[in-house]
1. Run G106 past the list (1) open to solvent by less than 50 Å² (accessible area, probe 1.4 Å); (2) farther than 19 Å from R23 by Cα; (3) at pLDDT 75 or above and report the number of the one that doesn't hold.
2. Across the range 53-77, what is the total count of residues that are of a type in the set (G, A, S) and open to solvent by 60 Å² or more (accessible area, probe 1.4 Å)?
3. Restricting the first residue to the range 25-40 and requiring it to be of a type in the set (S, T, Y), which pairs with a second residue that is open to solvent by 70 Å² or more (accessible area, probe 1.4 Å) and not in a loop (DSSP other than H, G, I, E, B) meet a Cβ separation below 7 Å and a spacing of at least six or different chains?
4. Looking for whichever is over 19 Å from the mean Cα position of the chain (by Cα), among the polar types (S, T, N, Q) and modelled with pLDDT under 90 here; the options are N60, N42. Which one fits?
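The values are calculated or read from the model by the stated rules, or taken from the named source; none is laboratory data. Bear in mind that the values here come from a model prediction, so they are computed numbers and not experimental data. So basically every Cβ, Gly included, is an ideal-geometry build from the backbone, and we count neighbours across all protein chains shown. Accessible surface is based on the protein model in full, side chains and every heavy atom, while ligands, DNA and RNA are left aside. Shrake-Rupley method; radii C 1.70, N 1.55, O 1.52, S 1.80 Å.
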Amino acid sequence: MHNPAVSCVLVLLIGAGCTSTSRVTQSELEPNGDRDITVYTNDGRIIGFKSGEYRIIDENFGSIQGKGKLYTDDNKKKFKEFEGSVAFAEIQKISESHTTALGYAGVVAGATIILILIGLSQIKIGHL
């Protein structure tokens, strides 16, 4: 017999995995830090900044200043708190990740299925 809960979990996992990562240039960044970014430096550091936790400084050839996470592994699971600045001359690349429309649709569909399953289980229990 097909288990609807398994389908629901699969839809949620697919939706949660539908993100896109794009490269961002210095000129595309807003001064007030309006998006989540990941900074990859020339010396191998990976620093994640959340929206609103950093700002762009234009003096001295420019830098990104703020609070973020200095990742200590490639999987971005382990980190140290970071507070400071990174000069644009030290940055290899900047990327941003955002959930795609398919990702949002998958999460909404999965949540809807969960609510329907909960409702149906309550009806079955009430009639037994």
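1. Result: G106 passes all but (3).
2. Going through the range 53-77 one residue at a time, the tally reaches 0.
3. Note: pairs meeting the criteria are Y40/Q92; Y40/K93.
4. It is N60.
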